[in-house]
1. Spot the failing condition for B:Ala507; the list is (1) modelled with pLDDT of 95 or more; (2) surrounded by fewer than 19 Cβ atoms within 10 Å (Cβ to Cβ), and only one is missed.
2. Evaluate segment B:551-565: report whether one residue or more is within 14 Å of another protein chain (Cβ to nearest Cβ) and within 30 Å of B:Ala314 (Cα to Cα).
3. Hey, among B:Ala57, B:Ala51, which residue is buried (at least 18 other Cβ atoms within 10 Å of the Cβ) and of a type outside the set (Val, Ile, Thr)?
4. When segment C:98-114 is examined, which residues are found to be surrounded by fewer than 23 Cβ atoms within 10 Å (Cβ to Cβ) and either in contact with a helix residue (DSSP H, G or I) (Cβ under 7 Å, 6 or more places away or on another chain) or in contact (Cβ under 8 Å) with a residue 12 or more places away in the chain (or both)?
5. For segment C:136-158, enumerate the residues that are crowded, with 17+ Cβ neighbours inside 10 Å and within 14 Å of chain B (Cβ to nearest Cβ).
6. Could you please give the count of residues in segment C:209-251 that are assigned to a loop (DSSP other than H, G, I, E, B) and more than 9 Å from chain A (Cβ to nearest Cβ)?
7. Scan segment B:353-376 and give yes if some residue there is among the β-branched types (Val, Ile, Thr), part of a helix (DSSP H, G or I) and within 16 Å of B:Asp480 (Cα to Cα), otherwise no.
8. Exactly one of these conditions fails for B:Lys377: (1) surrounded by fewer than 22 Cβ atoms within 10 Å (Cβ to Cβ); (2) without any contact (Cβ under 8 Å) to a residue 40 or more places away in the chain. Give me its number.
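The values are calculated or read from the model by the stated rules, or taken from the named source; none is laboratory data. Since this is a predicted model, take the numbers as computed values, not measurements. Cβ coordinates were reconstructed from backbone atoms using ideal geometry, including for glycine residues, and neighbour counts include every protein chain displayed.
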Amino acid sequence: MTDTFLTVTDLGVRFRTEDGPVQAVDGLSFELERGRTLAIVGESGSGKSVTSLAVLGLHDPARTTLTGSIKLDGQELVGADEGTLRGLRGSRMAMVFQDALTALSPYYTVGEQIAESFRRHTGANRRAAKDRAVELLGRVGIPSPARRAEDYPHQFSGGMRQRAMIACALVCDPELLIADEPTTALDVTVQAQILDLLGDLQREFGTAIILITHDLGVVAGNANDALVMYAGRCVEQGSVEQVLTEPQHPYTAGLLSSVPRLHGDVDVPLTPVRGNPPALLGGLPPGCAFRPRCDHAQDRCSEDRPQLVGVGGRLAACHFPLLASDPTDQLETSR
Amino acid sequence: MLSKRTARVLATLLVAGSLTVTAAGCSSNSAGKSAGSGSGSGPGFGQQQEAVAIGTAAQSSGADPAIPGAKSGGTVTELQRADFSHLDPARVYSSTNQMADLLLTRQLTSYQWVDGKNTLVGDLATDTGRSSDGAKTWTYTLKDGLKYEDGSPITAQDVKYGIERTFQAELSGGPQYLQMWLTGSSDFSKVYPGPWGGQDLPAIETPDAKTIVFHLKSPHADFPFAAAMQSYSPVPKAKDTHAAFDQHPFSSGPYKVLSHDAGKSLELVRNTYWDPTTDPTRHAYPDKWNFEFGGQNLDIDQRLIAAKGEDADAMAFRTQVTPDLAEQVMSDPSLKSRTVDSVNPFTEYFSINNKRVTDVKERQALLMAFPKEQVRKIFGGPLYGDFSTTFLSPQVNGYHKFDLFGAPNTGDPAAAKKLLATSANPHPTIVYAYANTDQWQQAAVVISNALTAAGFNVVKHPISDQNYYDEMGAVDNPFDLYWAGWGPDWPSPTSVIAPIFDGRGIAPAGADTMLFNDPQVNSEIDRISAEPDLDQQNKDWSKLEEKIMAEVPAIPWVYSRLVVMYGPGLGGVHLGMIGTVYPLDVYVK
Amino acid sequence: MLRFLTRRLLGAALILLVISAATFLLFFAVTPDPALLSCGKQCTPETLAAIQHNLGVDSPVPVQYWHFLVGVFAGRDFGAGQHCPAPCLGYSFVNQQPVLQTLLDRLPATLSVAFGAGALVLTMGVGLGLIAALRRGKPLDKASMGLALIGASFQIYFFGIIARYVLVDQLGWLPRPDYTPLTSDPLQWAGGMILPWVTLAVVNAATYARFTRSTMLENLSEEYVRAVRAKGLSARAVYLKHAFRGAMTPVLTMFGIDMGMFLGGALITETTFNIPGIGRLAVDSVAAQDLPMMMGTVLVASTAMVFASIAVDACYALIDPRVRTS
């Protein structure tokens, strides 16, 4: 019996654009338990941010169609009305944005911005909300928080701003925290501090965290599970250990080889994945979406879309997983 | 009686085309017939009798004969674009300003309007003046019972003081006839600087409170007309507030200033001490006059057309019906019936530069070829004015109809060509100068085509609107043909022929825009000006006009028309001697 | 703040100096001798000289300008023996009224037009823009933008004349546009101002509507607005408290400039509706070639512009803490 808090099943996100429909996320399924962290990894445009927005219900309803199911603690979010979603946003589920400089309003003090969420969800008065904001600022490690609460975001340093942003997200003790590239805009030492902070808070409150990143280096040590997305689909999904140490999908492997390793051989050059992700506009061609960039691709890859199947204890969507010696085995299992 | 200032303003309006009205059925083949066709009652000009007669002492006494159906009371609203620039009589010259002072001041003489006929009568004085010494000495006797707004009597000394004030250099802007006639100098302020320094003007004698005697340096038979100018009004020395007088003059007329908000409004109420039985020229029927300034001409027209509420009793002195609305007004009998539509004393002509175009044949050819009608059409056709062949308007004494050349209004290029063939140069070059406005540009094309057809080489020379008068009026201007106009200061030919044809008066922006300078004409002007008998003088001017016309100094074009709306609640609205709608006979129905 | 103000005020003084000098020179460059206008028909050189002396136009133009400046700071004496105490803007060439007093007399009308129209422009324009932004792509958006476009394509003169003709002259629904001092009769004051206000608002609000819409849309796509939504705040708070707050700065900048122009006298509006304000005074004095009055109106207009721009900068500091605290 697991304490599954978030269940996403066969999630599809489809945009209507001027040039035609775009299937930004297709057939995505995952589960997340309280106190655990799921890293969603992928290049920009892979659908990872769209997924997080879909969970929060922040997509533009006029242009977007959601299919499948998103259940937060058993409550269906797909098709839920805006009022319900609004009640959940900021209280039970919250988000930390990539760049706190743009994600915090320049016109209000940091304290006000933290407090407004608290007041909205708890109905607390101004005084209480302000105290809560100061408390949260202290908890995320801002020195002399009472004074700094009166400051505007531009008066904070980058790392402090990100902490303030996290305080903003945590003010109502959310059970689910989506952190969208929370450290990308920060320098390395601050990155580590922020990630440690998230870890500490998770341990303290048992928060479930979705960590969205393009950086596999961030995933290691900061997440329990990893989900690799490519062109709107999950291509590999498993425990961080499995995915990072023995990637089955050539794309995961490609991502890994583009990450510098502390203990790796300095002489081995970093090899970024060649080519560019496919355009999603107008639909994908049949077969494997990664095929044009894949060194292992064969004829079959251009005809037959690989399904997500169990390979070596995790799921991968590839006709020719890297660790499988015999391709026919794969064929058997996929049937 | 238009001052040069007014002439300039009016001319500027003409140049800007603001006076243009669209053609609406209004026959004008005869100036005598069509004048006054709108109001149905214009002064009787074009007939044998004079436009304005000199009245008798009997006509000068008693009250102004009542207008049938008129009654006292009510408030009249007058609408005009700009405020009166001056109320101080010493500074009043433009016809618009004169309108205000007609209500606020009285003069030695003034015009009585009875049933469409204007007569000059004694106003403050018992008659129009008694001359002696060959029209060099003029004596007036004041009536009894004349009072200012505070009830104090109007004396001969006050009349003298009022005229003395006009010498004061600070009080610029007024006419200068009496000043020059009394001193014999155009630099009259040198001879007499005005009364503010305590000096007395010996040329005016006031033997008692009722008698005033003027000693002129030269004969002036039309002195009674000059004495009717508002500038020569009585001012009691004790009430002379100098510069402040301009905003709030001390009234000798039927009304006094209640309030004056410069540029916004002026309210006149009755001067209760004014005695109508002493005033043969002012009915003063309304109890109150409200002047509103600032409306655009189009708005004023629209208000007068709509005539809502108080606007039923509203009128305008000289806001010409705008071309946009002229057709509507002229085609709607109910609107047309409350329109003043008369020829005013203003004449317009195309000056020929007589210094440059020296061959009379060539000038005559210009006249012959000139497309009067086509040009008038651009400015609105018949409503703009009646075609003229003379310089004196039918509204001016001494006018007689004559046409020396019989040129058709559309121009006769063949006849012009023939004339040119007999001249020194059959293809002379003519520089036509005009104000650079839409209408004058169109007119330039029409004129250029017509003259070219007659064999002229035409060079069109546009001048910026604002500089038109200065460039055209330069004594050495490099142009041959240009539009000009003249408004006389009183309905006597002396105030037309003498200023515009006396070559010794040629000056920058002067009246003689033709730069016409004929020694024979000059001496004839001197002779006629000195003629003590007014009737004889008028006859002589008429003869001289024909003689001058034979020289073709200019091409007469039109006698201007004034077309102005008034509210349905008013009666007695007609064109006055000053060329604007006259306020003194207006009543609220 | 004090240094900011001092610097700006010094700059303002310099600008006014330059503008007044330019106006002065330009006037004499394009206008014939103003003394000729009051010289009458038989204008002799002597009379002309006397008038020139009285008007103070008998010295070279730079000297005249110097006299003007001296008059402003120390007062001056005119030919007729009048003393004009500082700040002296001279006397009208046309009716000899003191310019300063005339300006002060005309100012209330201009203020009435400016503030009333300003308030209406802002509410109408911003209101329409907000609605359009919130209903982007929906019929309401298209309707309000269409409306704005129609408004913008009107000329004040055209719209004003038609509106008055129909609403006042024909239907009698509105009182005739007119200026009554607020202090003498507030109701009549407002009644007479309705048409000028509405006209100015209709013609100008369009720009504000479109501008508000575009800055609102820009701000709505800002990351921080999404972050606010992620907090679960109501749509109202998202739009009004956050997106609008950001959109306000550019709109207010534009408004400040427009107010500066209104305060300098809405030329066409005042002329069209016969409102005796600075704008109409300017038009009249240009037409009458009344230099001192013209100078006065130009100074009022440029002062209004300069101070409006200072006010805009001050507003910036109020609205945007980034300006205030750095």
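1. Evaluating B:Ala507 over (1) modelled with pLDDT of 95 or more; (2) surrounded by fewer than 19 Cβ atoms within 10 Å (Cβ to Cβ) leaves (1) as the failure.
2. First pass over segment B:551-565, keeping only residues within 14 Å of another protein chain (Cβ to nearest Cβ): B:565.
When the remaining residues are screened for being within 30 Å of B:Ala314 (Cα to Cα), the result is B:565.
Yes, segment B:551-565 contains at least one residue that is within 14 Å of another protein chain (Cβ to nearest Cβ) and within 30 Å of B:Ala314 (Cα to Cα).
3. Only one candidate passes the filter, namely B:Ala51.
4. So the first thing to find is which residues in segment C:98-114 are surrounded by fewer than 23 Cβ atoms within 10 Å (Cβ to Cβ), and the list is C:98, C:100-101, C:103-105, C:107-108, C:111-112.
Those that are surrounded by fewer than 23 Cβ atoms within 10 Å (Cβ to Cβ) and either in contact with a helix residue (DSSP H, G or I) (Cβ under 7 Å, 6 or more places away or on another chain) or in contact (Cβ under 8 Å) with a residue 12 or more places away in the chain (or both): C:Pro98, C:Leu100, C:Leu103, C:Leu107, C:Pro108, C:Leu111, C:Ser112.
5. Selection gives C:Ile156 alone.
6. Filtering segment C:209-251 for residues assigned to a loop (DSSP other than H, G, I, E, B) gives C:221-222, C:231-234.
The next check asks that each one be more than 9 Å from chain A (Cβ to nearest Cβ); those that pass are C:221.
Residues flagged as assigned to a loop (DSSP other than H, G, I, E, B) and more than 9 Å from chain A (Cβ to nearest Cβ) within segment C:209-251 amount to 1.
7. In the first step, residues of segment B:353-376 are kept if they are among the β-branched types (Val, Ile, Thr); the result is B:357-358, B:360, B:375.
Those left that are additionally part of a helix (DSSP H, G or I): B:360, B:375.
Now drop any that are not within 16 Å of B:Asp480 (Cα to Cα), which leaves B:360.
Checked segment B:353-376: at least one residue is among the β-branched types (Val, Ile, Thr), part of a helix (DSSP H, G or I) and within 16 Å of B:Asp480 (Cα to Cα).
8. Exception for B:Lys377: condition (2).
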